[in-house]
Amino acid sequence: MEKRDLKSMELLELTEFVKEMGEKPFRAKQLYQWMHVKLASSYDEMTNLPMEFREKLKETSFYTSLKTVRMLRSGIDGTRKYLFSLGDGNIIESVLMKYNHGNSVCISSQVGCRMGCRFCASTLDGLTRNLTAGEMLDQIYRIQASIGERVSNVVVMGSGEPMDNYENLLRFIRLLSDENGLHISQRNITVSTCGLVPRIRQFAREGLSVTLALSLHAPDDEVRKTLMPVANTYSLSEVLPACREYYEKTGRRLTFEYSLVRGVNDNLEEARKLFELLKDMHGHVNLIPVNPIKERDYRQSGREAVERFRDYLEKKGINVTIRREMGRDIGGACGQLRKSYLKKDEEGQL
């Protein structure tokens, strides 16, 4: 018999599972609280559950609990980068960013990624597999347990394309925002996508109130295709109407992520095109000075170019922020730490 994935179950599913085992329904609520409120790392911590019940759980289900392989802490801003080991030995990474308004965690949704964006280290080795909802949740749980403080904001913007792991993403959001669990408001959850149009439109119909962030990175298809292979499948004339539909159905302001690459997409002509593209969209632009990765020859735009780009958009009435660089001294960009860890592992240096 195939073991059930306990941490990915919603409360009603868990209640049915517990009843099938011959246990009283209230045991499901206790079990759910141990997983999603008390953040237990194993069955053995669940001391108010009978030993016999815990043994049955071990026989019929598996319990997702990530193991911290490495944690790096930035000496600049306190950002923490975690490498976690999954039950099958795969490695993923997550980031804790500490702000005045609270703790924000950036999680991975896949082991690797198959989207192939040219400036991202996550995609260099392709996609290994999707993460389960429980594996996505437990990144947050292990980090919250390790710092002893509440996580208030979550961005699904680490390794992987969330919309390429759609059903697990939905389950993750429902569990994370469930009033019986951590109960993080959906308004404090951001999901990033490189622009999978059918999934964006489907996401708009789910009745959620999360923020949608589009990885845009270029103001036209010609430049975007050089940076993001997905642009060969979905043009901006398809992507932006899908984003507009998300805004119309949810009322949630959109975020447009724009990584500035020196000499590629950071001049004022690009800024002008970007204004024309987004002037009727309900959102804001998040400018990101690209993090250089040694496997690519892209270089970060200079501060003057970044500010000139921002100033142009602001004068045109576009709301713009420049993303604060967090954890630069610990390989803060997506996939960098995992990539270096795996390389050392292959070379037998661990």
### Message
Six or more apart or on different chains, Cβ atoms under 7 Å: show the pairs whose first residue is in region 129-143 and touching a residue at least 60 places away in the same chain (Cβ under 8 Å) and whose second is charged (D, E, K, R) and assigned to a helix (DSSP H, G or I).
### Response
A133/R171; G134/K7; L137/K7; D138/K7
### Query
Among the candidates M136, M163, which residue alone is modelled with pLDDT of 95 or more and in contact with a Lys or Arg (Cβ under 6 Å, 6 or more places away or on another chain)?
M163
### Query
Is there a residue being of a type in the set (D, E), out of contact with any Phe, Trp or Tyr (no Cβ under 8 Å at 6 or more places or on another chain) and more than 16 Å from T64 (Cα to Cα) anywhere in region 175-194?
yes
### Message
Just to check your reading of the model, which residue among M9, M46, M1 is modelled with pLDDT of 95 or more, over 25 Å from L170 (Cα atoms) and either over 23 Å from the mean Cα position of the chain (by Cα) or hydrophobic (A, V, I, L, M, F, W, C) (or both)?
### Response
M46
### Message
Here's a check for you: in region 49-76, which residue that is in contact with a strand residue (DSSP E or B) (Cβ under 8 Å, 6 or more places away or on another chain) and of a type in the set (V, I, T) is farthest from V18 (Cα to Cα)?
### Response
V69
### Query
Within the set of pairs 6+ apart or on separate chains, which have a first residue in region 29-42 that is at positive phi, a second that is in a helix (DSSP H, G or I) and of a type in the set (F, W, Y), and C-beta atoms under 8 Å apart?
L39/Y141
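The values are calculated or read from the model by the stated rules, or taken from the named source; none is laboratory data. All figures in this text were calculated on a predicted structure; none of them were measured in a lab. A quick note on method: Cβ atoms are made from the backbone with ideal geometry, for glycine too, and the neighbour counts reach across all protein chains shown.
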